[in-house]
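Here is the structure we will look at.
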Amino acid sequence: MSTPKAHNPEFLALVNDAKSRIREVNMEQYKQMVASGEAHLLIDVREESEWTAGHAAGSLHLGKGIIERDIESKVPRKDTTLVLYCGGGFRSALAGDALRKMGYSSVISLDGGWRDYQSSGLPVEK
């Protein structure tokens, strides 16, 4: 498991602003969602190289650079519960805020992202 990256102050301010408008869950809360059978779509917003190296089993890859462009064709129902993850929860918060602005009403960012997912015991694919 890798350690969190050090981020620049303005980036963190942007992320914290986005986080003020979206819902976040941590890995334990996400595992409870999975265990309870709560319907959702897990979306990996990381870069292609990160996805290729390993990703959550069953997740859909829509990188942060293209998610706004492609989400409506991949997920036309805007009431679908979307759980977004990235490396640690920052890019997913930014992407989640953009999707919220596009009318997606149930967007969740996975705090801890792929870093926490890998040690969660949930299935991984390569």
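The values are calculated or read from the model by the stated rules, or taken from the named source; none is laboratory data. Everything quoted here is computed from the prediction, not taken from an experiment. When we count neighbours, we look across all protein chains shown, and the Cβ atoms used for this are built from the backbone with ideal geometry, even at glycine. Remember, those area values only see protein heavy atoms, side chains included, never the ligands or the DNA or RNA. Shrake-Rupley method; radii C 1.70, N 1.55, O 1.52, S 1.80 Å.
A compact table of results
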item	result
Gain in span if fully extended, Asp79 to Glu50, counting 0.36 nm per residue against the direct Cα distance	7.7 nm
Antiparallel bridges, percent of DSSP beta bridges restricted to the chain (to nearest 5)	15 percent
Under the Karplus curve 6.51 cos²θ - 1.76 cosθ + 1.60, θ = phi - 60°, whole-Hz ³J(HN,Hα) for segment 118-126, x wherever Gly or Pro sits	4, 9, 7, x, 6, x, 10, 10, 10
Sequence of Asp97, Asp116 when ordered by accessible area, the most exposed leading, probe 1.4 angstrom	Asp116, Asp97
Amide H within-cut-off set for Val124, under 5 Å, with H built and near neighbours excluded	Ala57
Ranked order, Ile22, Ile71 - accessible area, probe 1.4 Å, largest first	Ile22, Ile71
Integer Hz, Karplus 6.51/-1.76/1.60 couplings in order for segment 18-34, x for Gly and Pro	4, 5, 6, 10, 10, 8, 10, 10, 8, 4, 5, 5, 5, 4, 5, 4, 5
Using alpha carbons only: equivalent-ellipsoid semi-axes of segment 37-80, gyration tensor based, whole Å	19, 15, 6
Residue order for His7, His55 - accessible surface, 1.4 angstrom probe, largest first	His7, His55
Backbone N within segment 79-106 under 19 Å of label point (7 Å from Gln29 Cα along the Cβ vector)	80-101, 104-106
Estimated FRET transfer efficiency (Phe11, Ala39; beta-carbon r; R0 41 Å; 0.05)	0.80
Average Cα contact separation per residue, segment 51-126, under 8 Å, 6 or more apart, as relative contact order %	41 percent
Quotient of Cα Rg and 2.2 N^0.38 Å for the chain, N being how many residues it contains	0.98
Within the accessible area of the chain (1.4 Å probe), percent carbon and sulfur	50 percent
Amide proton proximity set for Ser106, modelled H, under 5 Å, gap of 5+	Leu82
With DNA, RNA and ligands ignored, accessible area of Thr80 (1.4 Å probe; Å², nearest 10)	40 Å²
Estimated [θ] at 222 nm from DSSP helical runs (n ≥ 4, -39500 (n - 2.57)) normalised by residues in the chain, nearest 500	-11500 deg cm²/dmol
Reachable lysines, given that their alpha-carbon falls under 29 Å from the alpha-carbon of Lys101 and they are not under 8 places away in the same chain	Lys5, Lys19, Lys31, Lys64, Lys74, Lys78
J(HN,Hα) series, segment 105-115, from Karplus relation 6.51 cos²θ - 1.76 cosθ + 1.60, nearest Hz, glycine and proline x	8, 9, 10, 10, 9, 8, 5, x, x, 4, 4
5 angstrom amide H check on Leu60, placed H, neighbours 5+ away	Leu42, Ile43, Asp44
